[in-house]
């Protein structure tokens with residue numbers, strides 16, 4: 001539920017200055033005039049007050065109003081909504097992505113890793129009710145983002161993924177095991193891992209088949225994607241003369257990826273271009289969904305700008321009027 005709160009409410013103590021300013025202004029005005037004793041003021045009452053006399057009181061009003069709005073700005077009003085538990089239909093999905101050096105091959109545009117990130121970003125946008133997490137692996141693996149319904153956070157962390165973040169290599173078993181560990185406590189009926197790689201397992205102390213058996217034990221379905229064209233792929237190599245390209249063979253352990261998918265009730269895909277890479281999402285859309293309970297929070301939004309601007313305008317008007325049309329005669 002939307003509401004307004006103040007980050008620094010202690011500044012409202014400044015409003016105690018309002019009566020002080022009014023009294024000070026009244027006493028100062030009284031000292032400006034000399035007392036004159038006369039028998040009657042009847043004749044003086046018929047003399048109309050000038051517009052300058054009437055508007056002079058506006059200076060005090062402008063000053064007090066400016067103080068009030070300045071105090072509101074300093075108190076930092078923020079629009080916010082409290083957390084509320086809502087039930088939503090979705091599945092828990094972990095994207096486990098290979099970020100080894102070979103993912104820089106440019107048989108995809110602009111390269112494999114960037115193509116995988118771009119398609120994954122579109123996939124996240126298409127799954128608003130799913131909790132999504134990110135795991136990356138090369139020579140080792142780590143969790144880039146735990147399962148969350150806060151998709152802007154997931155997308156921001158996904159954009160930061162790049163080759164070279166961790167030691168090079170292809171530890172498929174480690175990547176899969178890390179992804180399973182993010183899902184083992186999940187209450188969702190459908191738990192899915194999308195494992196994307198372009199190579200052969202050559203690092204890590206967990207065998208991919210063992211990791212697949214753990215996924216099977218926890219009821220996690222694994223969809224595997226082999227990324228890379230058929231045959232040779234252009235790979236950028238840094239030389240003393242700049243970046244040059246050499247064709248390297250595409251080696252994907254398809255038998256292993258098919259076995260992982262088969263053990264866990266998933267499916268293996270071979271993606272040779274960006275368009276085919278999206279095919280897996282059609283399969284995920286057909287997964288059984290379950291209701292999950294999440295707590296949603298909205299970020300605080302600062303609302304002090306309007307009050308600060310209004311305070312500035314009022315102070316400017318007071319100074320302008322006091323130095324021009326309402327200027328006091330010495």
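What follows is calculated from the coordinates using simple rules that are stated; it is not laboratory data. Quick caveat: nothing in here was measured; it's all calculated off a predicted structure. Quick reminder, even Gly has a Cβ in these numbers, built from the backbone with ideal geometry, and neighbours come from all protein chains shown.
Answer rounded, prolate or oblate for region 107-153, using the Cα gyration tensor with square roots of eigenvalues a ≥ b ≥ c: rounded when a/c is under 1.5, else prolate when a/b is larger than b/c, else oblate.
Oblate, because a/c is 1.5 or more while a/b does not exceed b/c.
Where both residues lie in region 85-295, what percent of DSSP beta bridges are antiparallel, nearest 5?
Antiparallel bridges make up about 45 percent of those DSSP assigns within region 85-295.
Specify whether the C-alpha gyration tensor of region 124-231 places it in the rounded, prolate or oblate class, a ≥ b ≥ c being the square roots of the eigenvalues: rounded for a/c under 1.5, otherwise prolate if a/b is larger than b/c and oblate if not.
Oblate is the answer for region 124-231, as a/c is 1.5 or above yet b/c matches or exceeds a/b.
Mean separation of Cα pairs under 8 Å and 6+ residues apart, divided by the residue count of region 85-295: what relative contact order is that in percent?
Over region 85-295, the number comes to 26 percent.
What full-extension length gain, to one decimal in nm, is calculated for residue 247 and residue 181 as 0.36 nm per residue of separation minus the Cα-Cα distance?
Length gained between residue 247 and residue 181: 20.1 nm.
Would you mind calculating the relative contact order of region 181-266 from Cα pairs under 8 angstrom and at least 6 residues apart, reporting the percent as a whole number?
Here the relative contact order equals 36 percent.
Compactness ratio of region 85-295: Cα Rg over 2.2 N^0.38 Å, N = residue count?
After normalising by residue count via 2.2 N^0.38 Å, the value is 0.98.
When you count, for each residue, the other Cβ atoms within 10 Å and take the mean per peptide, how do 150-160, 176-186 rank with the highest first?
176-186, 150-160
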